[in-house]
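The values are calculated or read from the model by the stated rules, or taken from the named source; none is laboratory data. Given the structure is predicted, the values throughout are model-derived calculations rather than measurements. All Cβ positions, glycine included, derive from the backbone under ideal geometry; neighbour counts span all protein chains shown.
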Amino acid sequence: MNIHWAWPLGFALVLLTSCTTGGGNAPSLLDPRGPAASRVAGLIWLLFAIAGVICLLVLLALLWALFRRHGQGENAARPFNENRVIVIFGVAIPALILFVVYGFSLATTAYLAAPPSNPRLTVNVVAHQWWWEVQYPEQQFATANEIHIPVGQSIQVKVTSDDVIHDFWVPQLNDKIDMFPGRTNTTWLQASEPGTYRGVCAEYCGAEHALMNFVVVAEPSAQFETWLTAQSQPALQPAAQGGDILRGYQAFIGSSCSYCHAVKGTDAAGKYGPDLTHFAGRETIAAGTLPNTRGNLAGWITNTQGIKPGNRMPAFPLDARSLQDLLAYLQSLT
Ligand code: CUA
């Protein structure tokens, strides 16, 4: 008899674990902070509720059948119309449920297709193995692995890829959207409250797929406009700074960093790696892999392959003095 209770018990355990996940550091799509993600979460809960009720009813029917047979014996079993049971429970009710679910799915898809209001601006995101190039075309600047948006306003996001297929996903803000080389897909972002939301690559794209993250910083309108204006400016002139910053800039150019990285307003105009014009203002380095601190930066420059094996940046074994100068220069790029 004990075996009969294993299924309901298992079901209860699954329910319990499903309801208690979503905490910790991982962004949860069940903790939405924007209208698009709220719709997706709503659909998930609807499907979960329907599946839960059906599962419960099936279990009750199973229990009823078990007790009926054991409790009342063979004589108690009344004949019933099997065809009618199959038509009602095997065809009619499932068809009705699927029809309702299909309707809700279509409505959600339609809602996700276009922003609820005119977008405040457009951001282009280009995926690379394994980082995110973020362009603000109207303001003519580029940044990396960090997207700033104004709270409560929608922005249009045009995504594409430079190499393989990636997928742009901020679980608390939007649905997933694939990024294909040679094709541009369009989505939108909107946050309903200020905060920093983690974004991930949601399509396996090679060795460092798991270390291809970014952040979306949603801030009040005035703060966002200040950020936008600051990002549009070129970097401070290293010659005017002098000292270790100037020497750091010379190390930056001399160590061929500038072949891959651009710093607007200087001779560095590389296009292969992230634009570093306002690098010091970013929260993370190496696409969300490490907090942007001086120590992490030193480790990254001298041992990038140890931190993110296979990434496209070679390690630069600089002498201690040049490294300190280079760090001073990079940290001056606010
Ligand atoms: Cu990019 Cu996975």
One residue is enough: does the range 120-133 have a residue meeting the conditions in contact with a Ser or Thr (Cβ under 6 Å, 6 or more places away or on another chain) and within 16 Å of the ligand (Cβ to nearest atom)? yes
From the set of residues in the range 184-220 that are more than 10 Å from the ligand (Cβ to nearest atom) and among the aromatic types (Phe, Trp, Tyr), which is surrounded by the fewest Cβ atoms within 10 Å (Cβ to Cβ)? 197
Would you confirm whether or not the range 231-240 contains a residue that is within 16 Å of the ligand (Cβ to nearest atom), outside any strand (DSSP E or B) and surrounded by fewer than 16 Cβ atoms within 10 Å (Cβ to Cβ)? no
Tell me the residue from 225, 283 that is touching an Asp or Glu at 6+ places or on another chain (Cβ under 9 Å) and either modelled with pLDDT under 90 or loosely packed, with under 15 Cβ neighbours inside 10 Å (or both), please. 283
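Listed here are the residues, each with its yes/no results for (1) of a type in the set (Val, Ile, Thr); (2) assigned to a helix (DSSP H, G or I); (3) modelled with pLDDT of 95 or more.
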position	(1), (2), (3)
85	yes, yes, no
91	yes, yes, no
100	yes, yes, no
116	no, no, no
139	no, no, no
157	yes, no, yes
164	yes, no, yes
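Conditions tested, residue by residue: (1) farther than 18 Å from residue 298 by Cα; (2) under 33 Å from the mean Cα position of the chain (by Cα); (3) among the aliphatic types (A, V, I, L, M).
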{"site": "236", "(1), (2), (3)": "yes, yes, yes"}
{"site": "241", "(1), (2), (3)": "yes, no, no"}
{"site": "244", "(1), (2), (3)": "no, no, no"}
{"site": "247", "(1), (2), (3)": "no, no, no"}
{"site": "252", "(1), (2), (3)": "no, yes, no"}
{"site": "262", "(1), (2), (3)": "yes, yes, yes"}
{"site": "267", "(1), (2), (3)": "yes, no, no"}
{"site": "270", "(1), (2), (3)": "yes, yes, no"}
Restricting to the range 179-197, and then to whatever is touching a Phe, Trp or Tyr at 6+ places or on another chain (Cβ under 8 Å) and not polar (S, T, N, Q), can you tell me which residue is nearest to residue 119 (Cα to Cα)? 191
How many residues does the range 241-277 hold that are surrounded by fewer than 16 Cβ atoms within 10 Å (Cβ to Cβ) and within 14 Å of residue 142 (Cα to Cα)? 4
Looking at residue 179 and the list (1) buried (at least 19 other Cβ atoms within 10 Å of the Cβ); (2) within 16 Å of the ligand (Cβ to nearest atom); (3) within 30 Å of residue 326 (Cβ to Cβ); (4) under 18 Å from the mean Cα position of the chain (by Cα), which single condition is not satisfied? (3)
Quick check: anything in the range 270-284 of a type in the set (A, V, I, L, M), assigned to a loop (DSSP other than H, G, I, E, B), closer than 18 Å to residue 131 by Cα and in contact with a helix residue (DSSP H, G or I) (Cβ under 6 Å, 6 or more places away or on another chain)? no
